[in-house]
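One structure is given here, and the rest of the page talks about it.
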Amino acid sequence: MTDVWSLQLLEASQLVVYGAECRDCKIIVNVDLDALVTRLGPNFPIKQLRSRLKCAQCGGKRIITSILFRDNTATQRLTETWVKR
């Protein structure tokens, strides 16, 4: 199993689904890692990403994150739920 915290952004974009929930307004989103590769660079460490996130809806910085591997069936179902919200 890959240590997710050692991944860089480009590799993470291919292996994981990165979800974020704002503690203030409760919105849940699937973070577009491909767009962040363009913005932050392919070698940006995934472990530093949460500190850079800000809620697009309310501007809050109190973010809870979830990292799930793409090759997991449960991950696929949860991702579909996030997208529908």
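Applying the condition of being in a helix (DSSP H, G or I), within 12 Å of the chain's Cα centre (by Cα) and of a type in the set (A, V, I, L, M, F, W, C) to region 8-28 and asking which residue is surrounded by the fewest Cβ atoms within 10 Å (Cβ to Cβ) yields Leu15. Residues that are in contact (Cβ under 8 Å) with a residue 24 or more places away in the chain and in a loop (DSSP other than H, G, I, E, B) within region 32-50 comprise Gly41, Pro42, Asn43, Phe44, Leu49, listed in sequence order.
For (1) modelled with pLDDT of 90 or more; (2) β-branched (Val, Ile, Thr), each residue gets a yes or a no:
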{"position": "Glu11", "(1), (2)": "yes, no"}
{"position": "Gly19", "(1), (2)": "yes, no"}
{"position": "Asp24", "(1), (2)": "yes, no"}
{"position": "Val31", "(1), (2)": "yes, yes"}
{"position": "Leu40", "(1), (2)": "yes, no"}
{"position": "Ile63", "(1), (2)": "yes, yes"}
{"position": "Phe69", "(1), (2)": "no, no"}
{"position": "Thr75", "(1), (2)": "no, yes"}
{"position": "Lys84", "(1), (2)": "no, no"}
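For Ile46, are the conditions met, namely being modelled with pLDDT under 95, surrounded by 13 or more Cβ atoms within 10 Å (Cβ to Cβ) and either out of contact with any Leu (no Cβ under 8 Å at 6 or more places or on another chain) or not polar (S, T, N, Q) (or both)? Spelling it out, Ile46 is indeed modelled with pLDDT under 95, surrounded by 13 or more Cβ atoms within 10 Å (Cβ to Cβ) and either out of contact with any Leu (no Cβ under 8 Å at 6 or more places or on another chain) or not polar (S, T, N, Q) (or both). Taking region 49-76 as the range and being loosely packed, with under 14 Cβ neighbours inside 10 Å and among the aliphatic types (A, V, I, L, M) as the test, the residues that pass are Ala56, Ile64, Ala74. Counting only residues that are among the hydroxyl-bearing types (Ser, Thr, Tyr) and within 14 Å of Gln48 (Cβ to Cβ), region 2-23 holds 2 of them.
Among the residues of region 29-43, not one is in contact with a strand residue (DSSP E or B) (Cβ under 8 Å, 6 or more places away or on another chain), β-branched (Val, Ile, Thr) and surrounded by fewer than 14 Cβ atoms within 10 Å (Cβ to Cβ).
The values are calculated or read from the model by the stated rules, or taken from the named source; none is laboratory data. Since the model is a prediction, treat every value here as computed from it, not as a measurement. Positions of Cβ are backbone-derived with ideal geometry, glycine not excepted, and every protein chain shown enters the neighbour counts.
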